[in-house]
Amino acid sequence: MNKLDVGQIEGEVDYTNLMQTRGADPELADCSANYEGSVYVYQGADVEPVDLNVERDGTNPLMVVPVALADESGLYEWTAALLTEGSYTVSYSCQVDDNEEDNELKFDGTQTVEVVAGKTTVADTIPLAQ
């Protein structure tokens, strides 16, 4: 694969803000303990996010990218690399996903991002500004 034929998406998750929002609203699902979450990447625009399930026919994420602590600010970073040019949907979940079962995950920050070959596209910070 030629590096010039692919691009990447990178972004940040404001985990502290996300946890405060979830803690203040009993309707929102809790994050899994000791798990900062992952970003799910789907090929195409406006894809409804679902968990990864190796047994499912049809929609599955193209990749699931774990987030990593960037600094003491509480921001977590992620990078989805080696993506061909086109539209992708990205979404974040802080719940653990068993890839052999259908899980009802809560997703945050779902957005469509355009990848350009040879470039890094920066996604909006999750959670999205209201």
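Yes/no per residue for (1) touching a residue at least 12 places away in the same chain (Cβ under 8 Å); (2) among the acidic types (Asp, Glu):
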| position | (1), (2) |
| --- | --- |
| Glu10 | yes, yes |
| Thr16 | yes, no |
| Met19 | yes, no |
| Asn34 | no, no |
| Ser38 | yes, no |
| Pro61 | yes, no |
| Glu72 | no, yes |
| Ala81 | yes, no |
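Residues are listed down the side, and each one gets a yes or a no for (1) among the hydrophobic types (A, V, I, L, M, F, W, C); (2) modelled with pLDDT under 95; (3) in contact with a helix residue (DSSP H, G or I) (Cβ under 8 Å, 6 or more places away or on another chain):
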{"position": "Met1", "(1), (2), (3)": "yes, yes, no"}
{"position": "Gln8", "(1), (2), (3)": "no, no, no"}
{"position": "Gly23", "(1), (2), (3)": "no, yes, no"}
{"position": "Ala29", "(1), (2), (3)": "yes, yes, yes"}
{"position": "Ser38", "(1), (2), (3)": "no, no, no"}
{"position": "Gln43", "(1), (2), (3)": "no, no, no"}
{"position": "Asn53", "(1), (2), (3)": "no, yes, no"}
{"position": "Arg56", "(1), (2), (3)": "no, yes, no"}
{"position": "Met63", "(1), (2), (3)": "yes, no, no"}
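Annotation: Leu69 fulfils all but one of (1) in contact with a Gly (Cβ under 7 Å, 6 or more places away or on another chain); (2) loosely packed, with under 15 Cβ neighbours inside 10 Å; the unmet one is (1).
In the range 101-125, of all residues being among the polar types (S, T, N, Q) and assigned to a loop (DSSP other than H, G, I, E, B), the one that is modelled with the highest pLDDT corresponds to Thr125.
Within the range 8-32, the set of residues being out of contact with any strand residue (DSSP E or B) (no Cβ under 7 Å at 6 or more places or on another chain), surrounded by 14 or more Cβ atoms within 10 Å (Cβ to Cβ) and β-branched (Val, Ile, Thr) comprises Thr21 only. In the set (1) surrounded by fewer than 20 Cβ atoms within 10 Å (Cβ to Cβ); (2) in contact with a helix residue (DSSP H, G or I) (Cβ under 9 Å, 6 or more places away or on another chain); (3) closer than 25 Å to Arg22 by Cβ, Thr84 fails one condition alone, (3).
The values are calculated or read from the model by the stated rules, or taken from the named source; none is laboratory data. These numbers were taken from a predicted model, which means no experiment stands behind them. When we count neighbours, we look across all protein chains shown, and the Cβ atoms used for this are built from the backbone with ideal geometry, even at glycine.
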